[in-house]
Amino acid sequence: MKLSDKIVRLRKSNGMSQEELADKLGVSRQAISRWEMGTAMPDATNILQLSRLFQVTTDYLLNDEYQSDNDLPKVKEVKTDGIHQIMIFLITLEVMVLIIQFMSVMILQNIFFGVLSFIPFIAMVGGFEYAYQKKANEQNERTVQFRKRFYKVSAWLGTYFPVRLLVSALVHFYPRPINSLALECVIAVLYLMTATFITLEIEKRHLSKN
């Protein structure tokens, strides 16, 4: 497969137009068109940019005998494993925060520590989004899917105790005493509704961008 065909294939598989690819590489749309038609070749700097943007090696781009990324299994395996490791690490941290929240609210029954324990969760999500946006020029379909999965998991791990604390605070303004079992049911229903709504919104936004 020729370099021109590979550029077309990579661009389309990542859902980019020629204009979008040109913006990311800092070249004109006409330059992209000439590369894809095979009437011109990207220079060394552009080859490196294409390699980083589409997460493929320069060997794959420059060697016609490589027909697809599957010809470079070791490279793909390392990249995939790296993403999975980051995902596992982030989810592990979120679970640890969830355990701290459980101990603060359910065992120690300390609302202040419960609220305080949510700060690391917010910082973690904010740090992830900052790092993602900082590497915006290197995004591909794999990293976009990773971001979507991260936020879906975060929605289910991070919304229970905020919902619980909010309902518990509102109960104080309710004129009648509430049965503890009924209160737990209300919290569970509101948590499921909130997490499901956030998950659906994440999926909706992802589909609209595609």
Report task. Scan PHE146, PHE118 and give me the residue that is aromatic (Phe, Trp, Tyr), at pLDDT below 85, assigned by TED's automatic domain parsing to the domain that holds ILE91 and farther than 25 Å from LYS204 by Cβ. Result -> PHE118
Query raised in the report: What do you reckon, is ALA131 out of contact with any Pro (no Cβ under 7 Å at 6 or more places or on another chain), surrounded by fewer than 16 Cβ atoms within 10 Å (Cβ to Cβ) and under 30 Å from LEU48 (Cα atoms)?
Result: yes
Query raised in the report: Out of all the residues in region 20-58, which are over 28 Å from the mean Cα position of the chain (by Cα) and of a type in the set (Asp, Glu)?
Result: GLU36, ASP43
Query raised in the report: What residue, among those in region 87-125 that are closer than 18 Å to VAL153 by Cβ and aromatic (Phe, Trp, Tyr), is surrounded by the fewest Cβ atoms within 10 Å (Cβ to Cβ)?
Result: PHE89
Query raised in the report: LEU157 is checked against (1) farther than 16 Å from LEU98 by Cα; (2) part of a helix (DSSP H, G or I) and fails just one. What number does that condition carry?
Result: (1)
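Give the residue, chosen from ILE100, ILE107, ILE88, ILE47, that is modelled with pLDDT of 90 or more and out of contact with any Asp or Glu (no Cβ under 6 Å at 6 or more places or on another chain).
Working: ILE100 fails: modelled with pLDDT of 90 or more; ILE107 fails: modelled with pLDDT of 90 or more; ILE88 fails: modelled with pLDDT of 90 or more.
Result: ILE47 is the single residue among ILE100, ILE107, ILE88, ILE47 that is modelled with pLDDT of 90 or more and out of contact with any Asp or Glu (no Cβ under 6 Å at 6 or more places or on another chain).
Which ranges mark the helices (runs of 4 or more DSSP H) fully within region 1-70 that have 1 or more residues being touching a Phe, Trp or Tyr at 6+ places or on another chain (Cβ under 9 Å), surrounded by 14 or more Cβ atoms within 10 Å (Cβ to Cβ) and of a type in the set (D, E, K, R)?
Numbers: elements: 3-13, 18-25, 29-37, 44-54, 58-62.
Here the list reads 3-13.
Could you tell me whether ILE100 is of a type in the set (A, V, I, L, M), assigned to a helix (DSSP H, G or I) and not assigned by TED's automatic domain parsing to the domain that holds GLN49? Outline the logic, then answer.
Details: of a type in the set (A, V, I, L, M): yes; assigned to a helix (DSSP H, G or I): yes; not assigned by TED's automatic domain parsing to the domain that holds GLN49: yes.
So ILE100 passes the test.
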**Report entry** Close pairs from region 168-195: first under 30 Å from PHE150 (Cβ atoms), partner in a helix (DSSP H, G or I) and not β-branched (Val, Ile, Thr), Cβ under 7 Å, at least 6 apart
**Finding:** ILE187/ARG164; TYR191/TYR160; ALA195/ALA155; ALA195/TRP156
Report task. Go through (1) free of Cβ contacts under 8 Å to residues at least 24 places away in the same chain; (2) closer than 17 Å to THR199 by Cα one by one and return the number of the condition VAL125 breaks. Result -> (1)
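The values are calculated or read from the model by the stated rules, or taken from the named source; none is laboratory data. Everything quoted here is computed from the prediction, not taken from an experiment. Cβ: placed from backbone, ideal geometry, glycine included. Neighbour counts: every protein chain shown.
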